[in-house]
């Protein structure tokens, strides 16, 4: 399926739903516009709200490769773009020296920077292999210099490799950037992108997500799990309110133990699938009986 075949936000929503991703009207609209306008899509939101899953579902619905660049503190252009296979270059050099197959220094140097020794990192792969979805995950974890480099690549859809020349994407990749907003991104990058904030879903949509992604989970159990999670998110006592990913993990864990309804004992025993801080686990266990009896 090509991006052009998804001719409306409704068709985007339906296509994503076929992959188990239920988007709201705002998200399906901005995703459609990103495809139609050939613009990168920047999605921000709390961890676990489905930012990465959006790129995965989009790639699956379009039947194109998903190429993921995981950002982290200290990432640089060589780790995102390309590098040379130094070990193979040394082996090649030793082989040439041992066989005496060339005495021309220029030819030898040129052979060292042959295509076969090139290690294509995610951005270069996306430019070469497109149509593809390039997921730049957690861009907020990278530094300012990397953000500026990324902006240039997204603007031109090409990179220059001194030893090989300029590589330009025949078809610009579909770019999805995610951010947990641990720091503010620069305006220059934001101006290049279409933007959407993904919030936690409401009760009805989150229940539908659980039923879609985990059809084996009993309907009553799914509703009870989501109800508890929604109440936990509604307060401000937790260090890290659970995201949709944790909701799915908790429902799956309860199902694996044979639960068809939420009971206090099993809920307390499996709370580690929902909460990832000791303090949060203690707070939730202390209030589970109240929430389950409400």
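The values are calculated or read from the model by the stated rules, or taken from the named source; none is laboratory data. Only a predicted model underlies this, so the values are computations on that prediction, with no experimental measurement involved. All Cβ positions, even for glycine, are placed from backbone atoms using ideal geometry, and neighbour counts span all protein chains on display.
So that you can scan it fast, the table gives a plain yes or no per residue for (1) assigned to a helix (DSSP H, G or I); (2) at pLDDT below 90; (3) crowded, with 18+ Cβ neighbours inside 10 Å:
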{"position": "253", "(1), (2), (3)": "yes, no, yes"}
{"position": "261", "(1), (2), (3)": "no, no, no"}
{"position": "266", "(1), (2), (3)": "yes, no, no"}
{"position": "286", "(1), (2), (3)": "yes, yes, no"}
{"position": "290", "(1), (2), (3)": "yes, yes, no"}
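Counting only residues that are in a loop (DSSP other than H, G, I, E, B) and touching a residue at least 40 places away in the same chain (Cβ under 8 Å), which one in segment 136-159 is nearest to residue 72 (Cα to Cα)? Among those that are in a loop (DSSP other than H, G, I, E, B) and touching a residue at least 40 places away in the same chain (Cβ under 8 Å), it is 142. Residues of segment 230-238 include none that is outside any helix (DSSP H, G or I) and within 18 Å of the chain's Cα centre (by Cα). Looking only at residues that are within 29 Å of residue 20 (Cβ to Cβ) and out of contact with any helix residue (DSSP H, G or I) (no Cβ under 6 Å at 6 or more places or on another chain) in segment 268-284, which one is surrounded by the most Cβ atoms within 10 Å (Cβ to Cβ)? Per the criteria, the residue is 280.
Checking each residue in segment 164-182 for being loosely packed, with under 15 Cβ neighbours inside 10 Å and over 13 Å from residue 127 (Cα atoms) picks out 164, 165, 181, 182. Close contacts from segment 43-57, counting a first residue that is in the same structural domain as residue 22 (by TED's automatic domain parsing) and touching a residue at least 40 places away in the same chain (Cβ under 8 Å) and a second that is crowded, with 20+ Cβ neighbours inside 10 Å and assigned to a helix (DSSP H, G or I), with Cβ to Cβ under 6 Å and a gap of 6+ residues or different chains, come to 43/51; 45/51; 48/244; 50/244; 57/16.
Annotation: residue 198 fulfils all but one of (1) closer than 19 Å to residue 53 by Cβ; (2) free of Cβ contacts under 8 Å to residues at least 40 places away in the same chain; the unmet one is (2). Entry remark, segment 183-215: residues being in a helix (DSSP H, G or I) and either touching a helix residue (DSSP H, G or I) at 6+ places or on another chain (Cβ under 8 Å) or within 21 Å of residue 124 (Cβ to Cβ) (or both) number 11 in total.
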